[in-house]
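Working notes, structure below.
The values are calculated or read from the model by the stated rules, or taken from the named source; none is laboratory data. As the structure is a computational prediction, the values presented were derived from the model and not from experiment. Here the Cβ positions follow ideal geometry from the backbone for every residue, glycine too, while neighbour counts run over all protein chains shown. For the accessible areas, the whole protein counts, side chains as well, though only heavy atoms, and no ligand, DNA or RNA atoms are used. Shrake-Rupley method; radii C 1.70, N 1.55, O 1.52, S 1.80 Å.
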Amino acid sequence: MSEHDTQHPAQRDQVPTAAPEGTEGNEHGAQVSTDSTPPGIPDAAIPELVIISGMSGAGRSTAAKCLEDLGWFVVDNLPPALIPTMVELGARSQGNVARIAVVVDVRGRRFFDNLRESLADLEAKSVTRRIVFLESSDDALVRRFESVRRPHPLQGDGRIVDGIAAERELLRELRGDADLVIDTSSLNVHELRAKMDAQFAGEEEPELRATVMSFGFKYGLPVDADLVVDMRFLPNPHWVPELRPFTGLNEEVSAYVFNQPGAKEFLDRYAELLQLIAAGYRREGKRYVTIAVGCTGGKHRSVATSEKLAARLVSQGVETVVVHRDMGRE
């Protein structure tokens with residue numbers, strides 16, 4: 001008997017069958033997929049994604065809780081490498097998970113380096129993501145950690161300020177990429193929730209949302225400002241005795257400010273400039289902008305200008321929130 005006769009008859013008589021479309025047989029007859037497209041995310045079901053990050057103690061948990069109350073599916077301290085997987089699972093939930101928020105922070109130290117790779121993966125899959133960054137001053141963060149008597153997650157054997165400095169350096173690039181930066185230094189829990197509600201509570205996502213914030217230069221620049229306007233080129237109503245007790249919300253103060261030479265012209269020109277900037281932000285996919293309007297004390301000129309500027313933005317179709325950071329602080 002030859003070596004070929006040792007084959008089972010069923011093996012000798014077996015006829016190869018045609019491989020299904022998208023596959024081909026290998027040398028052993030196995031079907032091998034030739035479709036190079038990896039399993040991805042169904043385009044029609046891609047959920048909204050918000051990544052919440054920022055400084056420890058700046059209010060990440062409060063921001064996440066706010067989104068959870070608004071109906072978002074929230075995952076706290078998710079390793080960045082798992083974000084694309086989370087989005088894909090949401091896409092396959094048949095619409096049950098349409099909005100996902102993930103909290104990414106330095107508690108996942110060894111995973112944090114994977115965030116950049118995950119963001120690139122999401123972009124390759126055409127997933128629209130927004131980054132919300134919670135910021136706060138060193139003094140405010142130190143007070144918060146001391147009040148709860150907990151160490152900073154990065155301080156090690158050093159001081160709280162050492163951990164804060166290390167975290168700022170680690171998050172510097174991410175802060176620069178953020179779509180929305182919220183400075184919580186002077187905010188309480190309710191004020192932070194109000195800011196999150198103002199940005200995410202709407203049923204339909206607007207093209208651009210703006211926060212116009214008045215402030216006093218003597219109290220420092222707002223760290224979350226995208227654009228800064230200096231109104232100190234106008235006379236200060238503080239030096240008018242009958243106007244000093246009032247604020248820029250008062251009609252007499254507003255009239256005094258905008259009756260000054262150059263005030264109305266400045267407002268007109270700056271509103272036109274903002275139209276160009278807003279169009280550029282939309283093209284770049286930036287959905288949030290904070291415009292900080294300053295004067296010496298944040299009481300008269302900046303407040304009056306913020307109100308007028310916000311009204312112009314609303315007339316241009318920009319959803320706008322007005323915040324007077326330092327009014328009443330003197």
Original post:
Given the residues Glu242, Glu272, Glu252, which is the only one that is without any contact (Cβ under 8 Å) to a residue 40 or more places away in the chain and part of a loop (DSSP other than H, G, I, E, B)?
Top reply: Glu242
Subject >> Condition broken by Lys264, with the remaining ones in (1) at pLDDT 95 or above; (2) under 21 Å from the mean Cα position of the chain (by Cα); (3) charged (D, E, K, R) satisfied >> reply: (2)
Original post:
Which of the residues spanning segment 280-301 are at pLDDT 95 or above, charged (D, E, K, R) and either open to solvent by 50 Å² or more (accessible area, probe 1.4 Å) or touching a helix residue (DSSP H, G or I) at 6+ places or on another chain (Cβ under 7 Å) (or both)?
Top reply: Arg301
Original post:
Where residues in segment 79-102 are of a type in the set (A, V, I, L, M) and part of a loop (DSSP other than H, G, I, E, B), which of them is farthest from the chain's Cα centre (by Cα)?
Top reply: Val97
Original post:
Does segment 161-174 hold any residues that are of a type in the set (D, E, K, R) and either crowded, with 18+ Cβ neighbours inside 10 Å or not in a helix (DSSP H, G or I) (or both), and which are they?
Top reply: Glu167
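Here's the yes/no breakdown for (1) within 30 Å of Lys264 (Cα to Cα); (2) at pLDDT below 90:
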{"residue": "Arg149", "(1), (2)": "no, yes"}
{"residue": "Val161", "(1), (2)": "no, no"}
{"residue": "Ala194", "(1), (2)": "no, yes"}
{"residue": "Glu205", "(1), (2)": "no, yes"}
{"residue": "Ala225", "(1), (2)": "yes, no"}
{"residue": "Arg232", "(1), (2)": "yes, no"}
{"residue": "His238", "(1), (2)": "yes, no"}
{"residue": "Leu243", "(1), (2)": "yes, no"}
Original post:
What are the pairs, 6+ residues apart or on separate chains, where a residue within segment 308-330 that is closer than 15 Å to Val229 by Cα has its Cβ under 9 Å from a residue that is among the hydrophobic types (A, V, I, L, M, F, W, C) and open to solvent by 40 Å² or more (accessible area, probe 1.4 Å)?
Top reply: Leu309/Val322; Ala310/Val321; Ala310/Val322; His324/Leu249
**OP:** May I ask you to verify whether Ala225 is in a helix (DSSP H, G or I), hydrophobic (A, V, I, L, M, F, W, C) and either touching a Phe, Trp or Tyr at 6+ places or on another chain (Cβ under 7 Å) or surrounded by 14 or more Cβ atoms within 10 Å (Cβ to Cβ) (or both)?
**Re:** no
Original post:
Does Val87 satisfy the criteria of being in contact with an Asp or Glu (Cβ under 8 Å, 6 or more places away or on another chain) and either open to solvent by less than 90 Å² (accessible area, probe 1.4 Å) or modelled with pLDDT under 50 (or both)?
Top reply: no
Subject >> Tally of residues being within 18 Å of Asp183 (Cβ to Cβ), part of a loop (DSSP other than H, G, I, E, B) and open to solvent by 10 Å² or more (accessible area, probe 1.4 Å) across segment 57-78 >> reply: 2
Original post:
Pick from Leu187, Leu221: which is touching a helix residue (DSSP H, G or I) at 6+ places or on another chain (Cβ under 8 Å) and closer than 30 Å to Arg144 by Cβ?
Top reply: Leu187
**OP:** Could you please find all residues in segment 243-294 being polar (S, T, N, Q) and in contact with an Asp or Glu (Cβ under 9 Å, 6 or more places away or on another chain)?
**Re:** Ser254, Thr290
Subject >> Qualifying residues in segment 302-330 (those that are within 24 Å of Val132 (Cα to Cα) and β-branched (Val, Ile, Thr)) - the one surrounded by the most Cβ atoms within 10 Å (Cβ to Cβ) >> reply: Thr320
Original post:
Hey, among the residues in segment 175-192 that are of a type in the set (Ser, Thr, Tyr) and at pLDDT 90 or above, which one's least open to solvent (accessible area, probe 1.4 Å)?
Top reply: Thr184
Subject >> Selection status of Arg159, out of contact with any helix residue (DSSP H, G or I) (no Cβ under 7 Å at 6 or more places or on another chain) and at negative phi >> reply: yes
